[in-house]
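Trainee: Attaching a single structure in structure tokens format; questions to follow.
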Amino acid sequence: MRNVRRLFLRCLRLGHRRKFTYLNSLTDYLRYGRLCLKSLTYNSFTNSDVVIESMFEPIYWLVDHVTRWFGVVFVALVILLTSSIVLIVYICVLPLILQTYSTAWICWHLAYGHWNLILIVFHYYKAITTPPGYPPQVQKNIPSVSVCRKCIAPKPARTHHCSICNRCILKMDHHCPWLNNCVGHYNHRYFFSFCLFMTLGCIYCSISSRVMFREAYSAIETYSLSPPPTFSFRERAFHKCIIYLWVLCSSVAVALGALTLWHAMLITRGETSIERHINKKERKRLQTKGKIFLNPYSYGRFSNWRLFFGVETQWQWITRVILPSSHPAYGDGLTWSAPHWIPIKQTSVLAI
């Protein structure tokens, strides 16, 4: 009986040992799997921003594909709205100007209005038809600073990959759906000039039609009176067209004016929209180390504007900025050395 009891206790101990052995083995396997998963996904640059961007990656993919297909719709919308405003000005506003204004004011309106319209049409056409610039695919000795992970090709300085165009863009600023084109090295000037002159044109239309807008708005408020006023169909259409013109031009002037001021600030600093965010992070990183970041592509405020518009002489401010000009941007977009007509020398990237 005693021997049977000892044998029974020994079996219980062996069972407990085997149970703990299996549990320890399972725990080891779980730890090993967790270690393998961490080793495969570990990245020293991973932070909350990277995690958030990874979570929003499906949304980015959807936006890229929707923007690619709707670019043509946006271009047609710009042409349609601009054409409608021009028609209203010619049919409704211009006849009143010819009847009520003096000869000097009529000449000024005709000269300024048509000059502004020509510049808007010219720069918009050039912005949507001019390629922004792409790194050459055949040439091997390209001065590059990195390799594009999507194109698997050398990427020169200031070049970034556009997920909508699915190509690398020289001096990429952004992809503009209203142009159905990327804004890059060769069409950046056309894009900014279009924004500038479109803003000026909208401001001009809003100011010129402000008196007619107040009269048309007062007339529309009387439509609901009893008995109703005796306005003809043509007069009612005139009132609604003036309201449409003033509201649309004022809204575009505010929205596009803010965008134009933002890009003017970037041009003054010698940056693009993408470089603005990159330089901001780099400036903060170097500030923690007691260093100062200097933009290597900035040559001074006035010189940055000269380089942007390609103005070498004083006369070219008229022929290349105030008048339509299709001269190409300075340089090839691959190297960024200061031109001979820029007096300020290029600064170093870092300064202690």
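The values are calculated or read from the model by the stated rules, or taken from the named source; none is laboratory data. Just so you know, these numbers come straight off a predicted model, no measurement behind them. Note that each Cβ is placed from the backbone with ideal geometry, even for glycine, and that neighbours are counted across all protein chains shown. Quick note on the areas: whole protein, heavy atoms, side chains included, nothing else; ligands and nucleic acids left out. Shrake-Rupley method; radii C 1.70, N 1.55, O 1.52, S 1.80 Å.
Trainee: Within the bounds of the stretch 268-285, is there any residue that is open to solvent by less than 70 Å² (accessible area, probe 1.4 Å), farther than 22 Å from residue 156 by Cβ and either aromatic (Phe, Trp, Tyr) or in contact with a helix residue (DSSP H, G or I) (Cβ under 9 Å, 6 or more places away or on another chain) (or both)?
Mentor: yes
Trainee: If residue 68 satisfies all but one of (1) free of Cβ contacts under 8 Å to residues at least 60 places away in the same chain; (2) open to solvent by 60 Å² or more (accessible area, probe 1.4 Å), what's the number of the condition it fails?
Mentor: (1)
Trainee: Among residues belonging to the stretch 52-93 that are touching a Pro at 6+ places or on another chain (Cβ under 7 Å) and not aromatic (Phe, Trp, Tyr), point out the one that is modelled with the lowest pLDDT.
Mentor: 67
Trainee: Would you check if residue 251 is open to solvent by less than 70 Å² (accessible area, probe 1.4 Å), out of contact with any strand residue (DSSP E or B) (no Cβ under 7 Å at 6 or more places or on another chain) and in a helix (DSSP H, G or I)?
Mentor: For residue 251, the condition - open to solvent by less than 70 Å² (accessible area, probe 1.4 Å), out of contact with any strand residue (DSSP E or B) (no Cβ under 7 Å at 6 or more places or on another chain) and in a helix (DSSP H, G or I) - is met.
Trainee: Any idea which residue in the stretch 111-147 is most open to solvent (accessible area, probe 1.4 Å), counting only those that are among the polar types (S, T, N, Q) and within 18 Å of the chain's Cα centre (by Cα)?
Mentor: Within the stretch 111-147, the match that is most open to solvent (accessible area, probe 1.4 Å) is 129.
Trainee: Right, something else. Is it fair to say residue 232 is polar (S, T, N, Q), closer than 23 Å to residue 81 by Cα and either open to solvent by less than 70 Å² (accessible area, probe 1.4 Å) or modelled with pLDDT under 95 (or both)? Even if it seems obvious, please write down each step before you answer.
Mentor: Values: polar (S, T, N, Q): yes; closer than 23 Å to residue 81 by Cα: no; either open to solvent by less than 70 Å² (accessible area, probe 1.4 Å) or modelled with pLDDT under 95 (or both): yes.
So residue 232 fails the test.
Trainee: Specify which of the listed residues (203, 207) is at pLDDT below 95, farther than 17 Å from residue 331 by Cα, in a helix (DSSP H, G or I) and open to solvent by 20 Å² or more (accessible area, probe 1.4 Å).
Mentor: On the way: 203 fails: at pLDDT below 95.
Going through 203, 207 in turn, the sole match is 207.
Trainee: I'd like the residue in the stretch 306-319 that is in a loop (DSSP other than H, G, I, E, B) and without any contact (Cβ under 8 Å) to a residue 40 or more places away in the chain and, out of all such residues, is surrounded by the most Cβ atoms within 10 Å (Cβ to Cβ).
Mentor: Start the filter on the stretch 306-319 by keeping residues that are in a loop (DSSP other than H, G, I, E, B), which leaves 310-315.
Applying the additional criterion that residues be without any contact (Cβ under 8 Å) to a residue 40 or more places away in the chain yields 311-315.
Working: 311: 19, 312: 15, 313: 10, 314: 7, 315: 9.
Among residues in the stretch 306-319 that are in a loop (DSSP other than H, G, I, E, B) and without any contact (Cβ under 8 Å) to a residue 40 or more places away in the chain, the one surrounded by the most Cβ atoms within 10 Å (Cβ to Cβ) is 311.
Trainee: Can you name the residue in the stretch 254-263 that is open to solvent by 20 Å² or more (accessible area, probe 1.4 Å) and in contact (Cβ under 8 Å) with a residue 24 or more places away in the chain and is also farthest from residue 124 (Cα to Cα) among such residues?
Mentor: Checking each candidate, the answer is 259.
Trainee: Starting from the stretch 320-340, take each residue that is at negative phi and small (Gly, Ala, Ser) and list its partners that are at pLDDT 90 or above and open to solvent by 40 Å² or more (accessible area, probe 1.4 Å), counting only C-beta distances under 7 angstrom and pairs at least six apart or across chains.
Mentor: Listed pairs, sorted by first residue: 325/319; 326/126; 329/186.
Trainee: Across the stretch 148-196, what is the total count of residues that are open to solvent by 30 Å² or more (accessible area, probe 1.4 Å) and part of a strand (DSSP E or B)?
Mentor: 7
Trainee: If residue 346 meets every condition in (1) closer than 19 Å to residue 267 by Cα; (2) at pLDDT 95 or above apart from one, which number is that one?
Mentor: For residue 346, the exception is condition (2).
Trainee: Here is a follow-up. Does the stretch 69-79 contain at least one residue that is within 20 Å of residue 215 (Cβ to Cβ) and assigned to a helix (DSSP H, G or I)?
Mentor: Within the stretch 69-79, the first condition is being within 20 Å of residue 215 (Cβ to Cβ), and the residues that meet it are none.
No, the stretch 69-79 contains no residue that is within 20 Å of residue 215 (Cβ to Cβ) and assigned to a helix (DSSP H, G or I).
Trainee: Taking into account only those residues within the stretch 286-305 that are aromatic (Phe, Trp, Tyr) and in contact (Cβ under 8 Å) with a residue 24 or more places away in the chain, which is least open to solvent (accessible area, probe 1.4 Å)? So that I can check it myself, show each step before the final result.
Mentor: Initial filter on the stretch 286-305 (aromatic (Phe, Trp, Tyr)): 293, 297, 299, 302, 305.
If we keep only those that are in contact (Cβ under 8 Å) with a residue 24 or more places away in the chain as well, we get 293, 297, 299, 305.
Working: 293: 25, 297: 52, 299: 8, 305: 57 Å².
Top of the filtered list is 299.
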